[in-house]
Amino acid sequence: MTNEAKKSGPLPPVDETPLLEATQAAKSRYGRFNLAIIGGSGVGKSSLVNAVFGRDWAKVGKGLPVTRGVSYYHDDSLGIWDVEGFEIGTEVSPRDQLRGHLDLIAAQPAEHQISVVWYCVKANDDRLTPADIAMIRELDASGLPVVLVLTKVDWSRNPITGNRTAPKGVEEFVAWLENPVDESGQPITIPYQRVILTSTADKHGKGKGHGLGELVAETLTLAPENEKDAFRIAQRLNLPWKRELARPVITAAAAAAAAAAAVPLPVADALTLAPIQLGMMGRIATIYDL
């Protein structure tokens, strides 16, 4: 400690209010991205959420069991609607069952409404079932963009080029999806936006998976303009998106700090600069979802 500091005594504690206010303001500005994930038990929905968003969705935050087969989990930047696939044995048709779920979701507050749907099917399934097709059509009729996610792809990796290929059966499944026909060979319409092959680990349960970056990019493309930043914040795979959001925050704080430091004040510079830097930290913490 310098002699000048000893004479003036210790600095008063820094007020953390600017950090808290900036954090809350940033959360309000960016809002929440709501994703619906539809699929049967064992399809790998929770693994997808953990791989893309870095969250165990059972611990995402508050769980809201809306009705049988539908739950909502959320924190500040991310909301997850977990919708089970068609329940075999029910007297209600797949389309009507899903329509009932969507009506319940539509009755929720605006900040809970679905932006994009991941419809998850295991990659080793030969085709979509009639129930799957009916539910995808209902989602489309409700104005919701659907990404058809084929999960648990058992990729083969070329040891020389590093390129990955899907099993032949999966490639045939994708080919059918591109030109689907019914059992009689008649063309049918399945209104999904895109089909993406994914895995969250290799066949030994290790690694970071494959196809997830493509899934994230497609989801951002389909997200409403006013929710794209919320999705960039919620996801954990594409850090450059977060850096681009943080860059203007840092630039503005640096300019404000330079202006404040240029004015001679009869108090320590730290007291003047601390609120600016704490505000910057609060905004960056929100962007990086800390």
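Structure summary
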| quantity | calculated |
| --- | --- |
| Chain lengthening between ILE188 and ALA285 when straightened (0.36 nm per residue, less Cα-Cα) | 30.2 nm |
| Neighbourhood net charge (12 Å Cβ-Cβ; Lys/Arg +1, Asp/Glu -1) for PRO130 | 0 |
| Accessible solvent surface per residue of the stretch 134-191, calculated while the other protein chains remain in place, 1.4 angstrom probe, Å² | 56 Å² |
| Segment LEU177-THR17, extension gain: residue separation times 0.36 nm, minus the distance between their alpha carbons | 52.2 nm |
| Chain lengthening between THR161 and ASP126 when straightened (0.36 nm per residue, less Cα-Cα) | 9.7 nm |
| Proximal aspartates and glutamates to LYS152, defined as alpha-carbon separation beneath 12 angstrom and excluding residues fewer than eight positions away on the same chain | ASP125, ASP202 |
| Accessible surface ranking that places the most exposed of MET280, MET135 first, with a 1.4 angstrom probe | MET280, MET135 |
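The values are calculated or read from the model by the stated rules, or taken from the named source; none is laboratory data. Predicted model only: the values in this text are computed from it and were never measured. When we count neighbours, we look across all protein chains shown, and the Cβ atoms used for this are built from the backbone with ideal geometry, even at glycine. Side chains are part of the model used for accessible areas, which takes the heavy atoms of the whole protein and leaves out ligands, DNA and RNA. Shrake-Rupley method; radii C 1.70, N 1.55, O 1.52, S 1.80 Å.
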